[in-house]
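Novice: Below: one structure in structure tokens.
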Amino acid sequence: LKPFFEASNIEKVGQNLKHDIKVLAKYDIQLQGPLFDTMIAHYLINPDMRHSLDVLSETYLNYTPVFVEELLGKGKNQKSMRSIPLKDQTEFSVEDADMILQLKQKFTPELKEAETEKLFKEIEIPLVKVLADMELEGIKLDKDFLASLSEALENDISDLEKAIFETAGEEFNIGSPKQLGIVLFEKLKLVEKPKKTKTGQYSTGEEILSALAQEHKIVQQVLDYRGLVKLKNTYIDALPLQVEESTG
């Protein structure tokens, strides 16, 4: 298949081609020739809608495809595509290819109508290859440094937790908006008429707490606590798990 994928005179049509470029690169195949990405085309036609293949197929082709979950299962028990009988693999793949080609035929005139064809061809499509290159290249991650930073943050979070419990006069789950609201607005009565959410619990969102932070030390501590927990969970502990072991 390498000569086909690398032929510069054959247009390649796909849904989320960045993913395909990255998979083919693992087999030393460089995708060449004009590209048409139905996911990006649809984004330029209707940015507010979802762009997944099943949604596009149901909306534009009035057709419900076989979901990949039906074929492989979900979660821990999800099987690999390699373990599926060849007949099922084939059906799934040709259905995908058929839908994508039909969508391309629908989106080509719509790009012209939306006056985004130039943007699609000159900026978005060339960018697909750039992004794929960036993701394949990756960034070097200092796992040891992040591990020590995680430890330091754990201590800071623990200190903040103790300080918050001390001011509150009790221990509670700081991460629970419900419990936090009760402590701040019922027990400590920081505000005369606190705002409530639609479900009837106290609002403890960023904008509410930021307005109270200067007057009440515990509120600033809660905001600092949230910031550190988010930093630790979302980046410092999560990024090392994304490292490609073969390259670091």
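Rundown of residues vs (1) in a helix (DSSP H, G or I); (2) among the charged types (D, E, K, R); (3) in contact (Cβ under 8 Å) with a residue 12 or more places away in the chain, yes/no style:
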residue: Gln102; (1), (2), (3): yes, no, yes
residue: Leu111; (1), (2), (3): yes, no, yes
residue: Glu124; (1), (2), (3): yes, yes, yes
residue: Ala132; (1), (2), (3): yes, no, yes
residue: Ile139; (1), (2), (3): no, no, no
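Novice: Within segment 1-51, which residues are among the polar types (S, T, N, Q), in contact (Cβ under 8 Å) with a residue 12 or more places away in the chain and at negative phi? Before you say what the answer is, go through the steps one by one.
Specialist: Initially, segment 1-51 is screened for residues among the polar types (S, T, N, Q), giving 8-9, 15-16, 30, 32, 38, 46.
Cutting the leftovers down to in contact (Cβ under 8 Å) with a residue 12 or more places away in the chain gives us 8-9, 15-16, 30, 32, 38.
Selection gives Ser8, Asn9, Gln15, Gln30, Gln32, Thr38.
Novice: Return the pairs, sorted by first residue and then second, in which the second residue is assigned to a helix (DSSP H, G or I) and of a type outside the set (Lys, Arg), the first residue lies in segment 196-215 and is more than 19 Å from Gly227 (Cα to Cα), the beta carbons are less than 6 Å apart, and the residues are 6+ apart or on different chains.
Specialist: Gln201/Gly181; Tyr202/Gly181; Tyr202/Phe185
Novice: Here are Leu209, Leu180: which of them is in contact with a strand residue (DSSP E or B) (Cβ under 9 Å, 6 or more places away or on another chain), more than 30 Å from Gln242 (Cβ to Cβ) and part of a helix (DSSP H, G or I)?
Specialist: Values: Leu209 fails: in contact with a strand residue (DSSP E or B) (Cβ under 9 Å, 6 or more places away or on another chain).
Leu180 is the lone residue from the list that is in contact with a strand residue (DSSP E or B) (Cβ under 9 Å, 6 or more places away or on another chain), more than 30 Å from Gln242 (Cβ to Cβ) and part of a helix (DSSP H, G or I).
Novice: Somewhere in segment 117-140, is a residue of a type in the set (Gly, Ala, Ser), farther than 30 Å from Pro65 by Cα and out of contact with any Cys (no Cβ under 6 Å at 6 or more places or on another chain)?
Specialist: Applying the first criterion (of a type in the set (Gly, Ala, Ser)) to segment 117-140 yields 132, 138.
Now narrow it down to the ones that are farther than 30 Å from Pro65 by Cα: 138.
Retained after the next criterion (residues that are out of contact with any Cys (no Cβ under 6 Å at 6 or more places or on another chain)): 138.
Yes; the residues of segment 117-140 include at least one that is of a type in the set (Gly, Ala, Ser), farther than 30 Å from Pro65 by Cα and out of contact with any Cys (no Cβ under 6 Å at 6 or more places or on another chain).
Novice: Take the residues of segment 165-190 that are within 20 Å of Glu207 (Cα to Cα) and of a type in the set (D, E, K, R): which is least open to solvent (accessible area, probe 1.4 Å)?
Specialist: Among those that are within 20 Å of Glu207 (Cα to Cα) and of a type in the set (D, E, K, R), it is Glu186.
Novice: Another question about this same structure. For segment 58-76, give me each residue that is assigned to a helix (DSSP H, G or I) and more than 22 Å from the chain's Cα centre (by Cα). Steps first, please.
Specialist: Of all residues in segment 58-76, those assigned to a helix (DSSP H, G or I) come to 58-61, 68-72, 75-76.
Passing the criteria: Glu58, Thr59, Tyr60, Leu61, Glu70, Leu71.
Novice: On the given criteria, is Ala147 under 16 Å from Pro47 (Cα atoms), open to solvent by 40 Å² or more (accessible area, probe 1.4 Å) and either touching a residue at least 40 places away in the same chain (Cβ under 8 Å) or not small (Gly, Ala, Ser) (or both)?
Specialist: Values: under 16 Å from Pro47 (Cα atoms): no; open to solvent by 40 Å² or more (accessible area, probe 1.4 Å): yes; either touching a residue at least 40 places away in the same chain (Cβ under 8 Å) or not small (Gly, Ala, Ser) (or both): yes.
Spelling it out, it is not the case that Ala147 is under 16 Å from Pro47 (Cα atoms), open to solvent by 40 Å² or more (accessible area, probe 1.4 Å) and either touching a residue at least 40 places away in the same chain (Cβ under 8 Å) or not small (Gly, Ala, Ser) (or both).
Novice: Scan segment 37-56 for residues that are surrounded by 18 or more Cβ atoms within 10 Å (Cβ to Cβ) and among the charged types (D, E, K, R) and jot them down.
Specialist: Result: Asp37, single match.
Novice: With the condition kept exactly as written, say whether any residue in segment 26-36 is closer than 16 Å to Ala97 by Cα and either surrounded by 12 or more Cβ atoms within 10 Å (Cβ to Cβ) or modelled with pLDDT of 95 or more (or both).
Specialist: First pass over segment 26-36, keeping only residues closer than 16 Å to Ala97 by Cα: 35-36.
Then drop every residue that is not either surrounded by 12 or more Cβ atoms within 10 Å (Cβ to Cβ) or modelled with pLDDT of 95 or more (or both), which leaves 35-36.
Taking every residue of segment 26-36 in turn, at least one turns out to be closer than 16 Å to Ala97 by Cα and either surrounded by 12 or more Cβ atoms within 10 Å (Cβ to Cβ) or modelled with pLDDT of 95 or more (or both).
The values are calculated or read from the model by the stated rules, or taken from the named source; none is laboratory data. Predicted, not measured: the structure shown is a model, and the values here were computed from it. Backbone-built Cβ (ideal geometry, glycine too); neighbour counts: all protein chains shown. These accessible areas exclude ligands, DNA and RNA; they are computed on the full protein's heavy atoms, side chains included. Shrake-Rupley method; radii C 1.70, N 1.55, O 1.52, S 1.80 Å.
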